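Note sheet for the following structure.
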Amino acid sequence: MSTGIHDLKSLTAGDLVFTIAPPTERTTLEITVDRDASLILRAPTCATRERVEQFIESKRPWVYRKLAEKDALAAPPIRKQYVDGEGFAYLGRNYRLKLDETADGVRLDRGRFVMSPAVAADGDAAMRRWYVRTGQPWLERRVEPWASRMGASGVGVAVRDLGYRWGSTKGESHINIHWATLQLAPSLIDYVIVHELAHLKELNHTDRYWAEVARAMPDYERRRHDLTTAGVKIWTCRG
């Protein structure tokens, strides 16, 4: 008797271990290599273990290649010190931190991030809040023309901590963007936006999905490569 794949929480196939994503109405199998090199398997509710194992074997070279890319880009986690001169990126530019007793919270002022020593005691949380607060209106303005170009309307956007993901979707008209994305150059943030907007039409990374991305952003492959390279230099509060 065949075993349903969703009866399992994980699946080991040789030297590869996959986390089984919760079942959805999808009709295809998909493997995702997350930013932390974890392997996620998504499958239809009717998929059997035997079918999944065959699929994994067919994708094994691709999985090894992706894991090698992750390993090549692996770097020690970035840690920040809340002292004068520490650097923080915003929209692809680097700004130095200045501690100021008279400062209230965090602000970007005349080319510097300004923060009071009291706030610096929990600086990670304070900077994260700044990126969320500042990024929300910036992303709302940035998403609108891309959504219009891709035939989407009324798309909502939220800035959140998404772990190792740059973005995610919710429902049919809402995307989430990681607050750390605001450190990237706008052209790379645009790629993340287009990537998520395309998921509103096509959930999986099928040929139709990538065709949707390419129609909106013909140079998406270059931007995707640049994002992979730039991503390891981004601070995520996980250092």
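The values are calculated or read from the model by the stated rules, or taken from the named source; none is laboratory data. This structure is a prediction, so every number in the text was calculated from the model and none was measured. Note that each Cβ is placed from the backbone with ideal geometry, even for glycine, and that neighbours are counted across all protein chains shown.
What number of residues within region 100-133 satisfy the criterion of being in a helix (DSSP H, G or I) and touching a helix residue (DSSP H, G or I) at 6+ places or on another chain (Cβ under 7 Å)? If you could, list the steps in order and put the result at the bottom.
Step one: of region 100-133, the residues in a helix (DSSP H, G or I) are 117-120, 123-133.
When the remaining residues are screened for being touching a helix residue (DSSP H, G or I) at 6+ places or on another chain (Cβ under 7 Å), the result is 119, 126, 128, 131-132.
Count: 5.
So that you can scan it fast, the table gives a plain yes or no per residue for (1) closer than 30 Å to L39 by Cβ; (2) buried (at least 17 other Cβ atoms within 10 Å of the Cβ):
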| residue | (1), (2) |
| --- | --- |
| A68 | yes, no |
| R79 | yes, no |
| G92 | no, no |
| R96 | no, no |
| G105 | no, no |
| D109 | no, no |
| S116 | no, no |
| D124 | yes, no |
| L139 | yes, yes |
Quiz item: For region 180-227, how many residues are under 16 Å from G92 (Cβ atoms) and among the β-branched types (V, I, T)?
Solution: 4
Quiz item: Looking at (1) exposed (fewer than 12 other Cβ atoms within 10 Å of the Cβ); (2) charged (D, E, K, R); (3) touching a strand residue (DSSP E or B) at 6+ places or on another chain (Cβ under 8 Å), which is the only condition R129 fails?
Solution: (1)
Quiz item: Residues W146, W138: which one is assigned to a helix (DSSP H, G or I) and within 28 Å of G85 (Cα to Cα)?
Solution: W138
Quiz item: Mind checking which residues of region 92-120 are touching a Phe, Trp or Tyr at 6+ places or on another chain (Cβ under 8 Å) and among the aliphatic types (A, V, I, L, M)?
Solution: L97, L99, V106, L108, M115, A120
Quiz item: In region 189-218, which residues are assigned to a helix (DSSP H, G or I), over 15 Å from the mean Cα position of the chain (by Cα) and under 19 Å from T228 (Cα atoms)?
Solution: W210, V213, A214
Practice problem: Among what's in region 189-204 and is touching a residue at least 60 places away in the same chain (Cβ under 8 Å) and surrounded by fewer than 22 Cβ atoms within 10 Å (Cβ to Cβ), pick the residue that is farthest from S168 (Cα to Cα). | Solution: N204
Quiz item: What are the pairs, 6+ residues apart or on separate chains, where a residue within region 138-151 that is more than 17 Å from K201 (Cβ to Cβ) has its Cβ under 7 Å from a residue that is among the aliphatic types (A, V, I, L, M)?
Solution: L139/V157; L139/V159; L139/I177; E140/V157; R142/I189; R142/I193
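Return the total of residues in region 21-71 being aliphatic (A, V, I, L, M) and assigned to a loop (DSSP other than H, G, I, E, B). Reasoning before the result, please.
Step one: of region 21-71, the residues aliphatic (A, V, I, L, M) are 21, 29, 31, 33, 37, 39-41, 43, 47, 52, 56, 63, 67-68.
When the remaining residues are screened for being assigned to a loop (DSSP other than H, G, I, E, B), the result is 21, 29, 37, 43, 47.
Here the count works out to 5.
Taking into account only those residues within region 226-239 that are assigned to a helix (DSSP H, G or I) and surrounded by 12 or more Cβ atoms within 10 Å (Cβ to Cβ), which is modelled with the lowest pLDDT? Spell out how you get there, then give the answer.
Within region 226-239, the first condition is being assigned to a helix (DSSP H, G or I), and the residues that meet it are 226-231.
Restricting the remaining residues to those that are surrounded by 12 or more Cβ atoms within 10 Å (Cβ to Cβ) gives 226-228, 230-231.
Details: D226: 89, L227: 88, T228: 80, A230: 87, G231: 83.
Of everything passing the filter in region 226-239, T228 is modelled with the lowest pLDDT.
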Practice problem: Please enumerate the residues belonging to region 205-223 that are modelled with pLDDT under 90 and buried (at least 16 other Cβ atoms within 10 Å of the Cβ). | Solution: H205, Y209
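Given the criterion out of contact with any helix residue (DSSP H, G or I) (no Cβ under 7 Å at 6 or more places or on another chain) and of a type in the set (A, V, I, L, M, F, W, C), identify the matching residue among A198, A185. Break it down into steps so the answer makes sense when it comes.
On the way: A198 fails: out of contact with any helix residue (DSSP H, G or I) (no Cβ under 7 Å at 6 or more places or on another chain).
Just a single option satisfies the conditions, and that option is A185.
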Exercise. Report, ordered by the first and then the second residue, all pairs with beta carbons closer than 9 Å, sequence separation of six or more or different chains, a first member in region 167-188 that is closer than 14 Å to G231 by Cα and assigned to a loop (DSSP other than H, G, I, E, B), and a second member that is among the aliphatic types (A, V, I, L, M) and at pLDDT below 95.
Key: L184/L227; L184/A230; L184/I234; A185/A230
Practice problem: Would you tally the residues in region 216-239 being in contact (Cβ under 8 Å) with a residue 40 or more places away in the chain and either more than 30 Å from Y82 (Cα to Cα) or basic (K, R) (or both)? | Solution: 3
